[in-house]
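Notes follow once the structure below has been shown.
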Amino acid sequence: MSLTPSISVSQSPISPNLVTVTDNSTGSDSNIASRRLIIQDAFGNYLVPAGTTTQYIVWSYAQSSITVDVLTQDTAVSITVQWLDNTNAILYVYNNTYPLSEFGKQFFYYLIQQLGLTPATFQDSNYAGNLSLFWTSIVAGDNAVTYGNDIFAGQQCYNKEILMMNNQNDFF
């Protein structure tokens with residue numbers, strides 16, 4: 001029986017720098033010996049953990065999932081998994097785009113908490129408008145990636161909220 005490749009991708013809300021990829025493939029192939037995980041951002045940069053000298057991450061076939069520390073900010077990515085035989089010949093490939101926006105979502109939650117602590121802040125039209133723009137940038141980035149398969153447009157949206165987060169004293 002051959003393999004039908006499938007993966008799921010998640011990002012830790014507690015540690016948004018961590019990305020977990022799980023192999024949800026069905027079927028089997030006794031020739032598979034290992035996997036490669038390739039993560040690229042919208043500009044073609046390969047995202048690998050510190051100290052990795054290749055453009056891919058080696059993923060043991062014995063492990064159904066892998067968690068990697070590759071993010072410092074919200075990032076629209078293309079993820080490719082390759083299933084390899086013992087000579088590193090590629091047997092199967094799966095590729096898709098993913099929105100990884102937990103940094104912004106966590107910051108948005110922090111901003112909402114501030115509203116509860118200082119209710120008058122919500123009446124500040126600049127704060128409310130910027131809060132809305134911030135959330136819209138996250139959702140627009142997620143939608144560009146999820147529905148449009150467009151990681152470049154998604155990253156442009158994330159860059160707006162990243163700018164606001166990095167300059168929070170000017171916006172919030």
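The values are calculated or read from the model by the stated rules, or taken from the named source; none is laboratory data. Being a predicted model, the structure only gives us computed values, none of them experimental. Note that we place each Cβ from the backbone using ideal geometry, even for glycine, and neighbour counts take in every protein chain shown.
Restricting attention to segment 139-150, does a residue exist that is buried (at least 20 other Cβ atoms within 10 Å of the Cβ), touching a residue at least 12 places away in the same chain (Cβ under 8 Å), charged (D, E, K, R) and more than 30 Å from ILE32 (Cβ to Cβ)?
Yes.
Could you pull out every one of the strands (runs of 3 or more DSSP E) wholly within segment 33-106 that has 3 or more residues that are under 25 Å from ALA153 (Cβ atoms)?
Those strands (runs of 3 or more DSSP E) span 34-41, 75-84, 90-100.
Which one of these does VAL77 not meet: (1) of a type in the set (A, V, I, L, M); (2) exposed (fewer than 13 other Cβ atoms within 10 Å of the Cβ); (3) in contact (Cβ under 8 Å) with a residue 60 or more places away in the chain?
Evaluating VAL77 over (1) of a type in the set (A, V, I, L, M); (2) exposed (fewer than 13 other Cβ atoms within 10 Å of the Cβ); (3) in contact (Cβ under 8 Å) with a residue 60 or more places away in the chain leaves (2) as the failure.
How many residues does segment 111-144 hold that are modelled with pLDDT under 75 and in a helix (DSSP H, G or I)?
Residues flagged as modelled with pLDDT under 75 and in a helix (DSSP H, G or I) within segment 111-144 amount to 9.
Kindly indicate whether GLN63 is modelled with pLDDT of 95 or more and not assigned by TED's automatic domain parsing to the domain that holds TYR158.
Spelling it out, GLN63 is indeed modelled with pLDDT of 95 or more and not assigned by TED's automatic domain parsing to the domain that holds TYR158.
The rows are residues; the columns are (1) free of Cβ contacts under 8 Å to residues at least 24 places away in the same chain; (2) touching a helix residue (DSSP H, G or I) at 6+ places or on another chain (Cβ under 6 Å).
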site	(1), (2)
SER2	no, no
SER10	yes, no
PRO13	no, yes
PRO16	no, yes
VAL19	no, no
ASP23	no, no
SER28	no, no
ASN31	no, no
GLN40	no, no
